[in-house]
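The values are calculated or read from the model by the stated rules, or taken from the named source; none is laboratory data. Please read these numbers as outputs of a predicted model, since none were measured by experiment. Neighbour counts run over all protein chains shown; Cβ positions are idealised from the backbone, glycine included. Just so you know, the surface numbers come from the protein's heavy atoms only, side chains and all, with ligands and any DNA or RNA stripped out. Shrake-Rupley method; radii C 1.70, N 1.55, O 1.52, S 1.80 Å.
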Amino acid sequence: MATSLPFTQFYNSWFDQLRHLVHQLSTVPRTPDQNEDHLLPLVNKVMSHHEDYFHAKSVATEKDPLHVLASPWVTTMERSLYWITGWRPTTAFHLIYTESSHLFESHIIDILRGLHTGDLGDLSPVQFQRVSELQCETVTNILTLPLPLIIFFINH
């Protein structure tokens, strides 16, 4: 697994390997009376391949969560599934605001003493302003979608 690569490059390589594994699975000769145990090594390989993906994504998320949330490597179909399943582009902002507020409140004494916690509770006013600007930019981009699509996503 190549977690030292930027995640987009890792994903492209990972996806090419996935296509190869799926092709291998789809071309395995099968007969109606045949036991499927002979498929287990290949199925295990596919499962391991997905474990590699989630591990690499977890590492990438630790390094750059907004890049992973933006997911520039996904297809238009995958991106539409985010909307359908309830993940809106503005969801990340709600998470940031909620989590930073919670962490700020729980570490208020440490913050007043000048200690840094290294989490979202440490966001500066300038950083919050940038998050707010990015949220406004995101909402503006959403509003450029066709009206029926906006209405559909708001109602679902």
Q: Would you be able to say whether some residue in segment 56-74 is modelled with pLDDT of 75 or more, in contact with a Ser or Thr (Cβ under 7 Å, 6 or more places away or on another chain), part of a helix (DSSP H, G or I) and of a type outside the set (V, I, T)?
A: yes
**Q.** Of the criteria (1) surrounded by 13 or more Cβ atoms within 10 Å (Cβ to Cβ); (2) in a helix (DSSP H, G or I), which one T117 fails
**A.** (2)
Q | Candidates H23, H50 - the one that is assigned to a helix (DSSP H, G or I), closer than 21 Å to L69 by Cβ and not small (G, A, S) | A | H50
Q) Pairs under 8 Å by beta carbon, first residue free of Cβ contacts under 8 Å to residues at least 12 places away in the same chain in segment 84-113, partner of a type in the set (F, W, Y), six or more apart or different chains? A) I111/F104
Q: Please state which one of E78, E62, E51 is acidic (D, E), under 29 Å from H116 (Cα atoms) and free of Cβ contacts under 8 Å to residues at least 24 places away in the same chain.
A: E62
Q | Members of segment 28-48 that are open to solvent by 100 Å² or more (accessible area, probe 1.4 Å) and either among the hydrophobic types (A, V, I, L, M, F, W, C) or touching a residue at least 60 places away in the same chain (Cβ under 8 Å) (or both) | A | M47
Q | Some residue of segment 34-45 being closer than 30 Å to L95 by Cα and of a type in the set (A, V, I, L, M) | A | no
Q) Looking at W83, W87, which is the one that is assigned to a loop (DSSP other than H, G, I, E, B), surrounded by 11 or more Cβ atoms within 10 Å (Cβ to Cβ) and not β-branched (V, I, T)? A) W87
Q | Close pairs from segment 4-20: first over 17 Å from H67 (Cα atoms) and hydrophobic (A, V, I, L, M, F, W, C), partner open to solvent by less than 50 Å² (accessible area, probe 1.4 Å) and modelled with pLDDT of 90 or more, Cβ under 7 Å, at least 6 apart | A | W14/Y53; L18/H49
(Q) Suppose the filter is in contact (Cβ under 8 Å) with a residue 12 or more places away in the chain, surrounded by 14 or more Cβ atoms within 10 Å (Cβ to Cβ) and more than 16 Å from W73 (Cβ to Cβ); does L25 pass it? (A) no
